[in-house]
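Colleague: One structure follows; several queries about it will come next.
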Amino acid sequence: MVANLQKYVSKIDELERLKLYLKNIQAIEIINQELDDSLNEEDDDQALLEFVRLCKLCSRLHKSKCTHLVSFIRETVHYWHNRLKDKYSKQFEEVLKSISWPMVGSNILAPVINSADKLQPIAKYLLKIELPDELQQKPVVRSSVLVTCGVPLPLPITLLVRPLRKRFVYHFCGSKQTNRLDKPEWFFTQVLTWIRDHEQFVSQWIQPVFNELGMTVDARVEFIRGLVQLTLEKLDSDLPSLQYDDALFSHAVDETLGLTKSSRSRSVIPRVCFCRHHSHTAQISYVGRISRKSLPREMDAMLNSETAWQPFSGTEEDLLKVTEIGEAFLTLLSTVTDRYQNLPQPGHRLQFLDLQLELIDDLRVRLIQLLHSERSNPFDSNLTAILNTAFYIMTALEEWGTTPHFLMLQHYKCQLETVGKTDLTKVQIAAMQHGSVFEGSIQLLNRIVDDLLDTVCEAVMLETKARSRGYRRDRYP
C-alpha cells in the first residue's frame with residue numbers, strides 16, 4: 001500500500017514538472033511570436049519589451065535542472081539578440097556615416113548636429129538589448145595575454161570604436177610602413193589623438209543615454225577603454241619579437257608607461273601589462289637582461305660625467321647642495337619604480353625592488369671606492385660633494401619608504417620572510433612590518449654620512465689649529 005502511494009506521489013510530481021515545462025515552452029513561443037510581429041510592424045518599443053521579458057524568463061530558468069529547456073531558451077535569446085543587434089547596429093552605423101564619423105582629417109561634426117540626434121534613440125535600443133550576465137561571453141584568454149579587459153564594451157561604444165579599429169589595423173597591423181617595432185609611439189600617439197578628438201562628442205551625445213536608463217557607466221571612459229584595447233592587442237602581437245631585443249623591449253615599456261600616464265589623466269587606467277602566460281618570462285627577462293645590464297652602464301655614465309659633483313640647481317640657496325649625480329640617481333630609481341608599480345603580482349614588484357636595492361648598494365660601494373682618493377685633502381676634493389650626495393639620497397629614501405607603494409611592498413616582503421618561521425613572536429613580526437624596505441640601505445648610507453662628517457670635522461679642526469699657530473706669538477697690549 002505504501003509503495004503504491006509513493007509511486008502515485010512520484011507520478012504526480014512528474015506530471016507537475018511536465019506541466020511547468022510545457023508552460024515555459026508555451027511562454028517562450030508566445031514571446032517569439034510577439035517579437036516576430038513587432039519587428040514586422042516596425043514596432044521597436046514593443047519588440048524591446050518582449051525581448052526584456054524573454055531575458056527575464058531566461059534568468060529565472062538558467063539554474064533549472066532541465067538542461068534541454070535551459071539550452072532552448074538560451075539559444076532563443078541569442079537568436080533574437082542577434083536579430084535586434086544587427087538591425088539597430090546597421091541603423092547606428094548609417095547615422096555615424098551621415099555625420100562623417102570618425103572625426104579624422106577634415107571631418108567636422110558641427111554642421112550635422114540634427115543627424116547626431118538620431119544616435120540617441122538607437123543607442124538606447126542597443127543598450128536595452130544587452131544580454132544578462134549569465135549569457136555574456138567570457139573573456140577570451142590567449143596563451144600569451146588576456147587580450148580583453150574583462151567586461152565587454154557596451155554595444156554603442158563598440159560601434160563607435162569599430163571604424164577606428166579598422167583604421168588602426170590598416171596602419172599598424174599590416175605591411176604599411178607605419179607598422180614598425182621600433183616605433184610603438186606612433187600607434188600610442190594615434191590612439192591618444194583619437195581619444196582627444198572624440199571624447200567630447202561621446203560625453204555630449206552618448207552619456208545622456210546611459211544616464212536616462214539609470215546606468216552608472218561613464219561612456220567616455222568606456223570609449224577610451226575600447227581604444228586602449230587596440231594597443232593591448234598590438235603589444236600582444238608584437239611581444240614575441242620584442243622580448244628578445246633589449247632596446248626594442250625597453251623602448252616599448254617606456255612608451256607604454258607614457259600611455260598609462262596619459263590615460264590616467266583622463267580618469268581611466270588601462271591594464272597595459274605585457275603578459276599573463278609570458279609575464280614571468282618577459283618581465284623577469286627585462287629585469288635580468290635589460291635592467292641589470294643597462295642601468296649599471298647608466299650609473300657609469302653618471303659617475304664619469306665631468307659635472308657629476310657639481311651642484312644640480314646651480315644656485316647658492318640650495319641648502320642640501322644637491323649634486324647632479326645625486327639627482328640623476330634618484331631619477332633613475334624613480335624610472336624603475338614607474339616601470340613596475342602597476343604590475344599586478346606582488347612577487348614581480350618585489351623583484352624590481354630588489355633591483356633598486358642592488359643599485360643603491362652599488363652606488364654606495366662606488367662612493368666608498370672614490371673616497372679612498374678624496375680623504376687626503378677634504379677641502380680641495382669631491383669629499384663634501386660625496387657627503388651631500390649620500391645624505392640627499394638617504395633623506396629621499398626615508399621619505400619614499402613612507403609612501404603607500406613602498407609600505408605595501410614592505411608588507412609583502414615581511415609576509416614572504418615569515419613564511420615557515422613559526423618561532424617568530426608577534427612582536428618580532430610587528431617590528432619587521434614597522435620598518436622600511438630601504439631600512440638596510442639607509443643604515444649603510446648613514447654610516448658613510450657619519451664617517452664623512454667626522455672626517456670633515458677633524459679636517460676643520462686641523463685647519464683651524466694650523467692657521468691659528470701664527471697667532472700664538474702675538475702679544476697684545
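The values are calculated or read from the model by the stated rules, or taken from the named source; none is laboratory data. If you're wondering where the values come from, they're calculated on a predicted model, not measured in any experiment. Calculation scope for accessible area: heavy atoms of the full protein, side chains included, ligands and nucleic acids excluded. Shrake-Rupley method; radii C 1.70, N 1.55, O 1.52, S 1.80 Å.
Colleague: Taking the full set of protein chains and a 1.4 angstrom probe, give the accessible area of Val322 in square angstrom, rounded to the nearest 10.
Modeller: My reading of the accessible area for Val322 is about 10 Å².
Colleague: Whose amide H sits under 5 Å from the amide H of Thr323, counting only residues 5 or more places off or on another chain, with H placed in the peptide plane?
Modeller: Residues meeting the criterion, in which the H sits 1.01 Å from N, are Phe312.
Colleague: What is the extension gain from Lys65 to Arg472, computed as 0.36 nm multiplied by their sequence separation minus the C-alpha to C-alpha distance, in nm to one decimal?
Modeller: Separation in residues times 0.36 nm, less the Cα-Cα distance, equals 135.7 nm.
Colleague: Also: Which entries of Lys97/Lys124; Lys90/Lys128; Lys321/Lys413 show an alpha-carbon separation above 26 angstrom in the structure shown?
Modeller: From the list (Lys97/Lys124; Lys90/Lys128; Lys321/Lys413), the Cα-Cα distance tops 26 Å for Lys321/Lys413.
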